[in-house]
1. Quick check on this structure: which one of Ile135, Ile130, Ile159 is among the β-branched types (Val, Ile, Thr), within 18 Å of Met87 (Cα to Cα) and either open to solvent by 50 Å² or more (accessible area, probe 1.4 Å) or part of a helix (DSSP H, G or I) (or both)?
2. Quickly run through the stretch 194-213 and pick out the residues that are part of a loop (DSSP other than H, G, I, E, B) and free of Cβ contacts under 8 Å to residues at least 12 places away in the same chain.
3. Just one of Gly150, Gly188 is under 20 Å from the mean Cα position of the chain (by Cα) and closer than 20 Å to Tyr207 by Cα; which is it?
4. Restricting attention to strands (runs of 3 or more DSSP E) lying wholly within the stretch 217-264, give those where 1 or more residues are among the small types (Gly, Ala, Ser).
5. For the structure I just gave you, tell me whether Ser209 is among the hydroxyl-bearing types (Ser, Thr, Tyr), modelled with pLDDT of 95 or more, under 30 Å from Leu308 (Cβ atoms) and buried (at least 19 other Cβ atoms within 10 Å of the Cβ).
6. Would you pick out the residues in the stretch 138-153 that are over 18 Å from Ser85 (Cα atoms) and either out of contact with any helix residue (DSSP H, G or I) (no Cβ under 8 Å at 6 or more places or on another chain) or not in a strand (DSSP E or B) (or both)?
7. I'd like to verify a number: residues in the stretch 168-188 that are assigned to a loop (DSSP other than H, G, I, E, B) and farther than 24 Å from Met87 by Cα, how many?
8. Only one of Ala265, Ala303, Ala249 is touching a residue at least 60 places away in the same chain (Cβ under 8 Å) and assigned by TED's automatic domain parsing to the domain that holds Gly188; which?
Amino acid sequence: MRGTGFWQLGQSITRRLAQTDKKTIARRYFASEAGLKKTVLYDFHVANGGKMVPFAGWGMPIQYKDSIMDSTLNCRENGSLFDVSHMCGLSLKGKDCIPFLETLVVADVAGLAPGTGCLTIFTNEKGGAIDDSVITKVTNEHIYLVVNAGCRDKDLAHIEEHMKAFTSKGGDVSWHIHDERSLLALQGPLAAPVLQHLTKEDLSNLYFSDFRVLDINGAQCYLTRTGYTGEDGFEISVPSENALDLAKALLDKSEGKIRLTGLGARDSLRLEAGLCLYGNDMEQHITPVEAGLTWAIGKRRRAEGGFLGAEVILKQIAEGPSIRRVGFFSTGPPARSHSEIQNDKGENIGEITSGGFSPCLKKNIAMGYVKSGLHKAGTKVKIVVRGKSYDGSVTKMPFVPTKYYKPT
């Protein structure tokens, strides 16, 4: 997911709507609504109090009637339903779809069992991250993946360029972009029991990163047990004509405990879970090793390479990177993207990439990059916010323990 400052923007909207004329604020924040793409749930969001903002060319809800703080806490305590239909799902098919994809990503796709998936990173020739993606091996000749909304155009152009070169040499791979489908993310401790009401499939046999094609609420869906909150949950790709009925059914079966939730809480949830936001915490000049995602590079891929930028990345694995992504606790106002990180002598040692106030921990959290050697948990730092420096310390992530559903 790509974007900046959802939590801050949401808090600003909430404060100003409470303090000023609502029509004036609505014009100020939402005037650029014309020309934006809309998901099939757009009117449903508005009818339920969604505050719509421009995001990656789409009109998306940043929050609803409850605050971002309350929405975050409710996701952890009960559950949330997110409309993430702005993201781009696509399928690669053909007997060579796996070797083709492995030229572009760091994952051991061939090593995945059918019906399982993983997080991976598309890399460029310098080893930098073009995007992160959740990929699934549906079969040995079908890969399903979802790329970020803000990266859609460049990702599709990148894949298409390399696919043309691959097929021109006799490779068997084709693609389909699932613009006919919508994507819902159901997250939180009630996600599984609520979804179980709408499908005959025994969800207790579906573990984190597993994938199934199955009937949910009368529609054929692609179901992946994954998410972007640190909680147990699912992403449900549903035919767009069935998306509204499914959203209503999920909310109804929860008896009001699962709530519609917007981008603001989604940002605070992923930050608490220590998850990267592309465009903030990962960029085209940041490698997976520097981003702390070495674990996403398959063992076979480390030995064989064969993906773009492999030489740079494998050298970093062997010798260590010059910078590393770490978590922080801090005092004072919450650190924001681009806040400077200093040592006790006032020397620059890095930069914050994401930060905010944690609704669950009730204190400031942030992540960013520091020079290697200064990345150990407990290292004391200074973080500069609006020209003033405040005490901070490096800490391990996730900030809030994850609750992924895995075999015991």
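1. Just one listed residue meets the conditions, Ile159.
2. Within the stretch 194-213, Asp202 is the sole residue that qualifies.
3. Being under 20 Å from the mean Cα position of the chain (by Cα) and closer than 20 Å to Tyr207 by Cα holds for just one of Gly150, Gly188, which is Gly188.
4. Correct list: 219-224, 233-239.
5. Answer is yes for this residue.
6. The answer is Val138, Thr139, Asn140, Glu141.
7. Number of matching residues: 4.
8. Among Ala265, Ala303, Ala249, only Ala265 is touching a residue at least 60 places away in the same chain (Cβ under 8 Å) and assigned by TED's automatic domain parsing to the domain that holds Gly188.
The values are calculated or read from the model by the stated rules, or taken from the named source; none is laboratory data. Please read these numbers as outputs of a predicted model, since none were measured by experiment. Cβ coordinates were reconstructed from backbone atoms using ideal geometry, including for glycine residues, and neighbour counts include every protein chain displayed. Ligands, DNA and RNA are stripped out before the accessible areas are found, and what is left, the full protein with its side chains, is counted by its heavy atoms. Shrake-Rupley method; radii C 1.70, N 1.55, O 1.52, S 1.80 Å.
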